[in-house]
1. Write out, first by first residue and then by second, each pair whose Cβ atoms fall under 9 Å of each other, whose residues are 6+ apart or on separate chains, and whose first residue, in segment 358-383, is under 24 Å from G406 (Cα atoms) and without any contact (Cβ under 8 Å) to a residue 24 or more places away in the chain while the second is hydroxyl-bearing (S, T, Y) and in a strand (DSSP E or B).
2. Go through (1) open to solvent by less than 10 Å² (accessible area, probe 1.4 Å); (2) assigned to a strand (DSSP E or B) one by one and return the number of the condition P55 breaks.
3. Given (1) touching a helix residue (DSSP H, G or I) at 6+ places or on another chain (Cβ under 8 Å); (2) assigned to a strand (DSSP E or B), where does H4 come up short, assuming only one miss?
4. Out of curiosity, is D57 within 22 Å of the chain's Cα centre (by Cα) and under 28 Å from L347 (Cα atoms)?
5. Please count how many residues of segment 297-340 are within 30 Å of D228 (Cβ to Cβ) and open to solvent by less than 10 Å² (accessible area, probe 1.4 Å).
6. Can you find even one residue in segment 457-469 that is within 29 Å of P277 (Cβ to Cβ) and modelled with pLDDT of 95 or more?
7. Looking at R475, R449, which one is under 28 Å from the mean Cα position of the chain (by Cα), of a type outside the set (S, T, Y) and more than 18 Å from N303 (Cβ to Cβ)?
8. Within segment 256-267, can one find any residue that is open to solvent by 30 Å² or more (accessible area, probe 1.4 Å), over 30 Å from D188 (Cα atoms), of a type outside the set (V, I, T) and in contact with an Asp or Glu (Cβ under 9 Å, 6 or more places away or on another chain)?
Amino acid sequence: MTTHRPELHFAPEAGILDAPAGVLLDGETWHLFTQYHPDAESPARWGHSYSEELPFDWLECDDALAPVGGEMSLRAGSVAEGPEAVHLYFTSVTNTGTSVRLATYTDIADICEVDDDPLALDPAVMRHGQAASAVKNYRNFRSPCVVPDWTAEDRDEGHTGYLMLALSGNSEEPVPVILHSPDGENWDFSGPLTFDGDPGFRQGEVAPGSPLPPVVSPRIIRLRDEVDEQIYDILLVTLEREGRDISGYLVGRLEETTFHIVSGFQRIDYGHDFTRPRNTNVTTGTINPDRQYDEARVFGLLNGTGRGDDATKHPSYEAEGWANALSLPRHLTLQGGVIYQTPAPGLPDAVRMSDNARSWTGILEVPSGSSVTVTLLDGNGDPAAVVSHNGDTITLDRSMGKAFNGYYSDSEAAEATLAEGDSDSLTVVVDGSTVEVYADGGQVAMASRVYFDGGCSDIDVDASGDAVIEQSWSRSGS
């Protein structure tokens, strides 16, 4: 019996998931490409799964890409609609460095076939060569994000051509760079990404004079702020700090190669494990053009340990042969320069139709000094994790002594500060070994892994002090 595998979050059938590689929404069908290892000894390749209508029920397709020739592995990239086929931009790793390469996927609307061989490659995917290679003093291009480029300075005039945000240089001091293309195939190097204003990357560091932390996995999305109704670029980045990944965003406008900062780095998730968020591109006709910037959709990897993590030591790998999962898809909106996050629509029904997932949602009144405590119980009825809404802050503690052999017994509680004046609300979702929390209308999101001994058997809720639970909804699988 599996107890760690989630049902509504994407996790590999077997092997080790490294990251979401690229996501494309085509009408009502979600296409998810992932960087993963079939087993601990195999090099990374690209898998492909899809889900129709709601992104909670993933079906495997044949793998999209695997290393060939002198390639040592394939890393994450981006997926975008091209003029005649879907473009897959991936990072090729050889013993001489990295480069961004292009493959095309034809007939993506067809239901994919699944070969009996789990390592079979989809014949609809064709490689085309390098998309971005060494130029001037910049080399080792990798981790590309490709999105439609702007037609003109007036953003309401729409898009033409493509923009690529990628990394270059060595892993200790990566340099983000910008490239442009009229067709998604032939790319011109524009230059390194620079900032007009303070990006705020030193936020939270102990030593103000220390070097800037490495910035990895840059991604860019566009959102219209609901307050001033202007369209902004949102730069998603992950900072590598002392063996941990900290993911967040900057709000501003990208003009040529300069990002003009409106607000500096803010964390996108305050839990233990959300990292390396990936944007979702869409095909023509999927979204009404008048509403295409109302919201964005992102996935993140649930493993905040960073590149030094040994996935073979995870309880899920030792017991069930797989490691790492993705977050639930999150819908992002921009309100007054702050991102608000909610799970994709349809989650309550998906929880109800699952076998073991659980969720609790409450509308609260939590004055300062009071609290609402949500305790997640394991299969023995013992606490495995505790979520506390204290009015001013929210915490997620997974260090309970009996929580699955004490796997996280030395883990400090994750904490986020809540804005004053926001309505108090709380949603907690438990799915296998994943826990996601959304507070105060999506102002704060927290995602952490929790290994439950025997699964999550119940969610217990208690209000203390002057706190009041005005309304609440509990859902659980069959």
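1. Matching pairs, first to second residue: P383/T375.
2. Against the list (1) open to solvent by less than 10 Å² (accessible area, probe 1.4 Å); (2) assigned to a strand (DSSP E or B), P55 comes up short only on (2).
3. (2)
4. yes
5. Qualifying residue count for the region: 10.
6. Yes, that holds for at least one residue.
7. Details: R449 fails: more than 18 Å from N303 (Cβ to Cβ).
Unique residue meeting the criteria: R475.
8. No: segment 256-267 contains no residue that is open to solvent by 30 Å² or more (accessible area, probe 1.4 Å), over 30 Å from D188 (Cα atoms), of a type outside the set (V, I, T) and in contact with an Asp or Glu (Cβ under 9 Å, 6 or more places away or on another chain).
The values are calculated or read from the model by the stated rules, or taken from the named source; none is laboratory data. Quick caveat, the model's predicted, so the values are computed rather than measured. Cβ: placed from backbone, ideal geometry, glycine included. Neighbour counts: every protein chain shown. With ligands, DNA and RNA removed, areas are computed over all heavy atoms of the protein, side chains included. Shrake-Rupley method; radii C 1.70, N 1.55, O 1.52, S 1.80 Å.
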